[in-house]
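Structure, as structure tokens:
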């Protein structure tokens, strides 16, 4: 088990293994997102209260889920990097941050657009919206920290610490709708209990959610491989490999 | 099918602008992210190959150049 983890932690192994995994996740992402979009946009029934504006849910909820999951993944990768000095974990964390920020932006933007016909306002300083905005700033902080050091190791450690500290915001986002009075409705999507919406609405949402997660995995694999090429460019195996892939 | 015609589909029962803006921004961002990741990878491979060619030239052209394996050649 330990040898396996250390092998996976070696950039060279990761580069080889991720090459084999990557196409599957891209294929899954493309298929799931296509099916989910067509189903969610054209076939799912309209909501009896919100009409067709509820179709924003199919981008809003997956983006919001992913925005939070990516931050947790980044904090875990930061922990692995700090404790076991596994460089690949840090490379992956560095590649996750911009995608996480993009997902947070999508969640906030689609939420604002959705708020206009539903709540009559695009923004409220309520707990859920504010804690998501803080998440966006945390992502910006992590990205900025990486660029703020001349030494890569200091930058990696600072970004890891901020990710591990900032992860406290995640339970706050999750429970904000229960702890405070907010405009935002409570969780609409759970896997653990019976869905509160009809099956024909819930299934496309599940498919979109899986599609977003596949996209995240595929992109992180791909960009971590690029980061390996960038950081290990002086290693012999990287040079040989670049010659092969010419 | 939740809509009777394509125009109804586009109108989204009057919520068209909201639905389509959200979806378009999401699609544009995801697409842009993929394009960026691809060009990033191509660029990195090109740089590596360029450096490999230069090193071959240096090593082959002149008498043995002392250059450490794994070290940087002075370039940026």
Search result, residues across segment B:1-29 that are touching a helix residue (DSSP H, G or I) at 6+ places or on another chain (Cβ under 7 Å) and more than 7 Å from every other protein chain (Cβ to nearest Cβ): B:10, B:16
When you scan segment A:187-202, do you find a residue that is touching a residue at least 40 places away in the same chain (Cβ under 8 Å), more than 19 Å from residue A:53 (Cα to Cα) and outside any loop (DSSP other than H, G, I, E, B), even just one? no
Looking only at segment A:186-213, filter to residues that are at pLDDT below 90 and closer than 22 Å to residue A:71 by Cβ; which one of those is surrounded by the fewest Cβ atoms within 10 Å (Cβ to Cβ)? A:192
Kindly evaluate residue A:57 against the criterion of being surrounded by fewer than 20 Cβ atoms within 10 Å (Cβ to Cβ) and either within 9 Å of chain B (Cβ to nearest Cβ) or out of contact with any strand residue (DSSP E or B) (no Cβ under 8 Å at 6 or more places or on another chain) (or both). no
Condition (residue is crowded, with 18+ Cβ neighbours inside 10 Å, within 14 Å of chain B (Cβ to nearest Cβ), part of a helix (DSSP H, G or I) and in contact with a helix residue (DSSP H, G or I) (Cβ under 7 Å, 6 or more places away or on another chain)) applied to segment A:121-135: is it met by at least one residue? no
Looking only at segment A:31-53, how many residues end up being within 10 Å of another protein chain (Cβ to nearest Cβ), free of Cβ contacts under 8 Å to residues at least 24 places away in the same chain and under 16 Å from residue A:207 (Cα atoms)? 2
Which listed residue, of A:91, A:96, is under 14 Å from the mean Cα position of the chain (by Cα), closer than 22 Å to residue A:226 by Cβ and part of a helix (DSSP H, G or I): A:96
Residues that are modelled with pLDDT of 95 or more and at the interface with chain B (Cβ under 10 Å from one of its Cβ atoms): does segment A:67-87 have at least one? no
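The values are calculated or read from the model by the stated rules, or taken from the named source; none is laboratory data. Just so it is clear, the model here is predicted, and its values are computed rather than measured. FYI the Cβ positions are ideal-geometry reconstructions off the backbone, even for glycines, and counts take in every protein chain you see.
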